[in-house]
Structures are given as structure tokens and as C-alpha cells.
Amino acid sequence: MSRVTEYADGIRLHRDLHVPHGSETIAANRYEPIDADGPSPAIVIATPYRKDDRITFGSWDPSIRYLARAGYEVIVMDLLGTGKSTGTRAPFDGTEGEEVASVIEWLDDREWTTGDVGTYGLSYGAWTQYLAAAENPDALGAIVPVAVVPSVYESSVTGGVFNLLKRAPWATYMRALRALPPSYRDEEGRWVERWHERLDELSEAEPWLFRFLAHETKDGFWADREVTPDEIRVPTLAACGYRDVHTGPMVEFVDGIDAPTRLLLGPWRHTYPHKGRETAVDFRRRAVEWFDQHLRGEETDALDRPAVTYWTERDGGWTPGGGVWRAADRWPPCDGSTTFALGPTGVTPEEELEGSLERTYEPDYTVGIESLDRIGSVVNEGVPTNADDARSLTFESAPLARAYELTGTPTASIRLQTTAPDPVLAVRILDVNPDGIARSVSGGYLRASHREGHVDPKPLSSAEEYRIDLELKPRSHVFETGHRIGVALSAGHFPRTLPPRGRGSFVVRSDPDEPSTVRLSGREHDGEVTFDDIVSPSEPDDSVPTASSFVADATDGWRTSRRHSDGIGTIETWREYTMTLPHGPRMTWENEVEATVRADDPASASMSYRVETALDHGTERVVARVESHVARDRAVIDTEVTVDGTTVYEDGRRYSSW
């Protein structure tokens, strides 16, 4: 099969470039703009998700083509130990930056590039950009990271709690991707070598899932997996969504970069801004503008744009088009804030608190299944949270006589005494409309023993009261006149949080001398809500579609249930699709998640995940199946690879923290 393919839109694809990195070889694909007048700047996209199939043709192909059509050489590379690259891979091992830097330096010497290089990508492909920038390669001139948590610890063990919904499925499907052979079969047979090497590694190395489960404190395992903003000295165009899992750390990180930065904050989940549900902007054009400014040296509007462009939700949020875009020179843009106290009558401004509050909460560990912004690949489109709120310790304000605008990063400070050995405190901010329907605005959680940091947890005594301070997710949201501000406290956010061991209740206290509070950056609006900083970003350029044309028959869904007989709460999600790859084979993908927990028993929490992915070449069908089951103190992961129904690889692993 030819390594070079020409597409009708003026792009030539060169497969399997070989880039040296020490004794290993990085495999990359080059998307060449055919009509370019001489050498062009280059843009690197690094991924562990297989450059030849799942991520490229399942999602990224339109953006790759958009950048190439703008006159850039686009290089999509497999990180070592994944796809067609040689070597081994540990999860987030911190060497990704060195690998990307090697490709950048290699591009600097190619006659078909100008030697000016940028990077672009989402999630893992954004984190690698920060790591590469920290390596300070001379040719790197600009980066465009989207939807990433710079701290891999916070991404995996959020608030000191293992992020069950995120990391367990991720580690499982990564095992499936690495067990499947490369889909592009080069004539030299390198694809067979890579496949056998990968299967050998899966047999010998500890599964990634088990490594995450064994490190719930910020110990040495995470030491080489961190990058700090002071290490980044290149112009950065960043974007993230309020409804992504960890918006806050990214906002704080970008603010600390000592280089030109621009930040785009919208109501998105884990996606690019040009693919948003409530609102979408022409982010790909902005990225090209950023690269034109910093790689070509052209004068564009890139640096004339506001330092922060953000979306303010109206009418309760969640509605497509329900809000406005605004501009600011920093985050948060508001100097003011209001501290609300929890009291016997609900939520009141701190200075108006009267009387004392002492409320006991018997934890319901099913709380969370109705309050998820994103469930796997499935988008929660604003489902009411009332079922979770009824099982939480919930406080509400009186109906607002004036609209209140939250624009910033909320914080909570809660007085807590507990009989549980090490509880999780989860705090959610709610918008309750006049009909009593509540929806999430912001939230966060923290394991109580991690109240002074994640390196050295501090034990608790049931005889003492503690003040738990935590930061919630950034948001810009208007609580409309007549709506109520709600605060819900619970002992977790299942299935994002894997509950710690041990049952027990907790008591929340608040009084005028020592109130339990939430602080909202923002202001009250007197009369009609108006803004003097509204901007109008362009809508997405549809000259290249935002969705991949290679994906068909895509279906997904989710459902939740609670059994009255035993109080078990369950959330199930599923997704499947088919992808016809341009180099021939058909790829299929199916996954299912089921997470359950009993309302009164944190030890009952578990998640099962099954993924099956296949490559059908017509003459041969290869299938990788991986199933995992994770509970508080144990986990299993089983892997099977078949060729035309015959098992060629089988592996079962067991993990226990006992």
C-alpha cells in the first residue's frame, strides 16, 4: 500500500515518517499543503490514541485538514509505546515532552519546513504541549492547548479521591488500543513488529489501572508527571470549558505563564470550542491566526483580542444560545464578591445570618449520578439535579429580588465534624428556577484528610471539628430574578469519586461568629441585567466540517436508576460506532460502563467497563476485548485478542490493596 495519498482538497498525506529519538523511533504522518509556495511552518499534534485510525479519523481529521489548508505542514505523531512508534509507554510518565521536542528539532532540519513550529491538540495532546514547551526547543514558536489539566495527579486523583469515572475507563480502553495491531500495514512489516512488541509489553508490565489505584497521595510516582507555568515561555492560546472535569487548574495555569496568552472560556465539556453544544466559536480560525502571528510573523488580530473571552450563561444555563460572550483582561474579571452563609433558614448573605445551624447528614453515596456534566462520551444536556439534591444536605436562598451574576471561581469553607474516618466533602452550587427545578452551576470535592495538601494527609478525630476549604469550578452564570441560589453538601460525587473506606455521618455547623460559607465572585444587578463588555466571536467556519466524515452508525446513551429495595444506585453508559479508514480497513468500537453503589455503604462502590474494538481488513478480522472491574480495595482487568475468532493473546490480572 502506498505511503502517499493525495486528497481532493489539496492535501498530500505521507504515512510513517520515522523520527529518531535516542535508540527509539517515533512514527508520524505528514499532511502536506500541496499548493504551498515553498517551505511552510509546521504544526505538531502528539497522541497516544493511534495516528492512523481512532483519534485521527474518528475525531481530529477535520482540524488537521483545516490547518493544512491554511498552509501548514501538519505532523501527527504516535508517542513512544503507542501506535506505530517503537518503545514502551508508562502512563503520563513525563517523557512525552522530550519526544515532542525531538520531533520539533527534527522538523527544524527538513527542507520542506521553514523551521518554525507550533503545537496543537486536546486533552493528552494538550498536556504534551506544555511538557514540550518546558523542554524549550528553539524552533517552538507557539502552542494551542485545549481542555487539559496540567497536573496529572489532579486529573487522576481529584481532590485526593480516585476519579473512578475518568481514570478506570481510560486505563481500560488504552489497554485495548495498545493490544490492537496498527491499522496501516506497511510493506516492510513494521506493523507486525510493533504489535508483537506491544503484546509483550502488556504481558510484562503492570497495568496502568493498577498503578493509578496504588497512588492516591501525591507521592514520588507523580513527581516526574508535573509541569509548572513558569516553565512555559512560548505564546499560548488556550481554551477550556466550564463543564469539563477540571477547568480551574487550567485557568490558573495559563494565568501563570510568562508569555503572551489568550484564554477562551465557554460552557463546553471535553471538546474543542468549534464543536460546543450551547455555543460554538470559530476556534480553528483563531488557531490559524495565532500561528500566523507567531510562526509566520504576520500582523493579525491575535494579540488585539482580549486576554480572556468568556461566556456568561443566562436563563439558568444549558440552553443553546442562552448567554453572551464577554471580554476581560484577566480572570476573574470582577473585583467584587459576595459571601453567602449557610444558616437555619437556608442561604443568606453572611452579614444577614441570624441564629445557629447544626445539621447531621447521614451520607447517601449514590449522590452524583444525576449531577454529571459529561458521562463518558455522552453529554448531559441539563438534566435536573433534584434527585441528588434530595439526598444531600441542601440549602436554598429566598427567591432573588435582583439577579446575581457569578463570574469567577467560587470557594467554599465548611465547618465539619465527622464519625467517618476519612470522608469526602462535595459541594455543589445550584440554580433553582421558580418551578423548583435545580441544575448544576459549579462544584468541587475534597477528601478531608487532604485538607492541608495531597502529599501528607492528616488524620481526623471524631471528637474534633474541622474547617474544610475547597475551590470550586470557574463559571460565569446569572442567577435570574426569582431564581434561588442553592448549595448542596454530600459525601462524594459518584461515580467521579471512589468513596474512601469507612461509614459514618457528619455534622455541619454555622453561626454568625463562625459561619460555613460559599463565596461567589460577582455582583448583584440592579434592574435589568446588562453588560458593557459584550463581544461577538465568529461562528465556526464550515468550509471544513467539524465532524469526521469517516464515522458512521454512531450511537450512545446513558441511564440511571435507584432501587428502593436495597438503595443501590446505578449509572450505565454505552457507545458504539463504525469507521471506514481511508487506507482500507473498517474499525468498530463498542464500550459499556456500569457503576453501582449502595446508598449507605461506601465499600459497595464499583465500576465495570467493557470495550471491544476491531479491525476488519476484509480478509482478516482482529478483535481486542478488555474488561475491567474496580472496587475500593481490588480490581481486575482481562484482555483477549482474537484473529478470525481464534485467540492469539489472553491475559488476566488481579490487584488488591489489602
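The values are calculated or read from the model by the stated rules, or taken from the named source; none is laboratory data. Here the structure is a predicted model, which is why all the values come from computation and not from measurement. As a convention, Cβ positions derive from the backbone with ideal geometry for all residues, glycine included, and neighbour counts pool all protein chains shown.
Details
- The residues listed here are Glu313, Glu278; of these, the one that is assigned by TED's automatic domain parsing to the domain that holds Cys240, in contact with a Gly (Cβ under 6 Å, 6 or more places away or on another chain) and either of a type in the set (Val, Ile, Thr) or under 17 Å from Arg439 (Cβ atoms) (or both) is Glu313.
- Tally, over segment 451-465, of residues that are crowded, with 18+ Cβ neighbours inside 10 Å and within 24 Å of Thr345 (Cα to Cα): 0
- Any hit, segment 70-85, residues being farther than 30 Å from Pro207 by Cα, buried (at least 20 other Cβ atoms within 10 Å of the Cβ), among the charged types (D, E, K, R) and not assigned by TED's automatic domain parsing to the domain that holds Pro182: yes
- Single residue of Ser337, Ser371, Ser356 found to be within 30 Å of Ser604 (Cα to Cα) and either in contact (Cβ under 8 Å) with a residue 40 or more places away in the chain or of a type in the set (A, V, I, L, M, F, W, C) (or both): Ser371
- When restricted to residues that are under 20 Å from the mean Cα position of the chain (by Cα) and either free of Cβ contacts under 8 Å to residues at least 24 places away in the same chain or within 30 Å of Asp315 (Cβ to Cβ) (or both), segment 432-469 contains 6.
- Residue match in segment 106-113 (condition: outside the structural domain of Arg634 (by TED's automatic domain parsing), assigned to a strand (DSSP E or B) and over 26 Å from Leu263 (Cβ atoms)): yes
- Qualifying residue in segment 426-444 (condition: crowded, with 16+ Cβ neighbours inside 10 Å and over 19 Å from Val347 (Cβ atoms)): no
- Scan of segment 230-247 for residues that are surrounded by fewer than 20 Cβ atoms within 10 Å (Cβ to Cβ) and either outside the structural domain of Gln129 (by TED's automatic domain parsing) or not in a loop (DSSP other than H, G, I, E, B) (or both), ordered by number: Asp230, Glu231
- Test: residue in segment 3-16 that is within 26 Å of Arg586 (Cβ to Cβ), surrounded by 24 or more Cβ atoms within 10 Å (Cβ to Cβ) and free of Cβ contacts under 8 Å to residues at least 60 places away in the same chain: no
- Looking at segment 1-54, the strands (runs of 3 or more DSSP E) lying wholly inside it that each contain 2 or more residues that are assigned by TED's automatic domain parsing to the domain that holds Tyr66, out of contact with any Lys or Arg (no Cβ under 7 Å at 6 or more places or on another chain) and farther than 28 Å from Glu197 by Cβ sit at 40-47.
- Considering only residues in segment 391-405 that are of a type in the set (A, V, I, L, M) and either more than 18 Å from Glu350 (Cα to Cα) or touching a Phe, Trp or Tyr at 6+ places or on another chain (Cβ under 7 Å) (or both), the one that is surrounded by the fewest Cβ atoms within 10 Å (Cβ to Cβ) turns out to be Leu400.
- Just one of the listed residues (Arg89, Arg54, Arg50, Arg30) is out of contact with any helix residue (DSSP H, G or I) (no Cβ under 9 Å at 6 or more places or on another chain), surrounded by 16 or more Cβ atoms within 10 Å (Cβ to Cβ) and not aromatic (Phe, Trp, Tyr), namely Arg30.
- Subset tally (residues that are buried (at least 21 other Cβ atoms within 10 Å of the Cβ) and either over 23 Å from Thr312 (Cβ atoms) or in contact with a strand residue (DSSP E or B) (Cβ under 6 Å, 6 or more places away or on another chain) (or both)) for segment 471-482: 7
- Residues in segment 401-428 that are over 27 Å from Arg503 (Cα atoms) and polar (S, T, N, Q): Thr407, Thr409.
- Scope segment 92-130; condition surrounded by fewer than 24 Cβ atoms within 10 Å (Cβ to Cβ), under 21 Å from Arg12 (Cα atoms) and under 25 Å from the mean Cα position of the chain (by Cα); matching residues: none
- Matching residues, segment 539-575, being of a type in the set (Asp, Glu) and surrounded by fewer than 16 Cβ atoms within 10 Å (Cβ to Cβ): Glu539, Asp541, Asp542, Asp553, Asp556, Asp566
- Within this structure, Gly444 fails the test of being under 25 Å from Trp331 (Cβ atoms) and not in a strand (DSSP E or B).
- Restricting the search to strands (runs of 3 or more DSSP E) fully inside segment 471-557 and requiring at least 2 residues that are among the polar types (S, T, N, Q) gives 517-524.
- Residue in segment 344-352 that is modelled with pLDDT of 95 or more and either of a type in the set (S, T, N, Q) or outside the structural domain of Gly522 (by TED's automatic domain parsing) (or both) present: yes
- The strands (runs of 3 or more DSSP E) found entirely in segment 579-650 include none that carry 2 or more residues being in contact with a Phe, Trp or Tyr (Cβ under 6 Å, 6 or more places away or on another chain) and at pLDDT below 95.
Table: residues versus (1) in contact with a helix residue (DSSP H, G or I) (Cβ under 9 Å, 6 or more places away or on another chain); (2) outside any strand (DSSP E or B); (3) over 30 Å from Gly248 (Cα atoms).
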site: Glu99; (1), (2), (3): yes, yes, no
site: Gly115; (1), (2), (3): yes, no, yes
site: Gly121; (1), (2), (3): yes, no, no
site: Leu131; (1), (2), (3): yes, yes, no
site: Ala142; (1), (2), (3): yes, no, no
site: Pro145; (1), (2), (3): yes, no, no
site: Val148; (1), (2), (3): yes, yes, no
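- Any hit, segment 64-81, residues being touching a His at 6+ places or on another chain (Cβ under 6 Å) and either part of a strand (DSSP E or B) or of a type in the set (A, V, I, L, M) (or both): no
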